[in-house]
Amino acid sequence: MSTAKLPPARARRWGGSLTIVLVALLFSGPGILGAVNSARSRGLPPVLYETAAGLVLSVVFAWGFLWVCYRPGRRLVRTMTEANPDLTVVPFYSSDDFITSIKELTGIALASSALPSGAFLVLVDAGKKFELWRWHGHGPERVARLAWSDVTSVDVGQIAHLVITDRAVILTLKVGDSTLPIPISPQARRPMRLRPLNDEGFMTVLAHCQERMRAA
């Protein structure tokens, strides 16, 4: 597959994003009304200072929110990469399909991908098998150890997560009478958060999984 045929790394559903913005405006409504009243009673200059301070605090709050939300994912990637320096470690976004498949495969109920503790996992390629790990409590926990020989196909697809859609490598497993999708939406670790891999990085992960399936 050429990179020209790949779906976008990330697409946003603006309807959902607009809902979030409207909710934020709803909660900030009292502050806006207060600024308007202040403008009427004290004049324009004080309001400018208050508005600037409000914007700065909003930016600080937003970055702090991102730092907290992505912290489990960053810690998981760092810990597993340091523990497996000679193995391929791929961080990825969770999804409803992934959670459903893991539940059927192992009986483990993963946290919702909408929660910081459930949003990210890692795939560790351990040779003939691959392992899937999450951050649980104060450290990594393995949720599945699967054989590459059980993978019947490796395709390109997408996963939905809140108001975004990320592209994914879809591993289809044949286990007993069940055929289950394991969507792996590969991410790159950044100082603040995790972001979808670029086209080259995504193709590298896709080719790696296809090679493992063929060699199994």
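Our analysis of the range 73-191 gives Rg over Rh at 0.93, with the two radii drawn from alpha carbon positions and Rh computed by the Kirkwood formula. Computed over every Cα-Cα pair of the range 132-216 and binned at 5 Å starting from 0, the pair-distance distribution P(r) comes out as 3, 13, 19, 22, 22, 14, 6, 1, 0 percent.
Per residue, how many Å² of accessible area does the range 71-113 show with a 1.4 Å probe?
48
Partners of K128 within straight-line reach, counting lysines whose Cα lies under 17 Å from its Cα and excluding those fewer than 8 residues away in the same chain: K174.
The values are calculated or read from the model by the stated rules, or taken from the named source; none is laboratory data. Source: prediction; values computed, not measured. These accessible areas exclude ligands, DNA and RNA; they are computed on the full protein's heavy atoms, side chains included. Shrake-Rupley method; radii C 1.70, N 1.55, O 1.52, S 1.80 Å.
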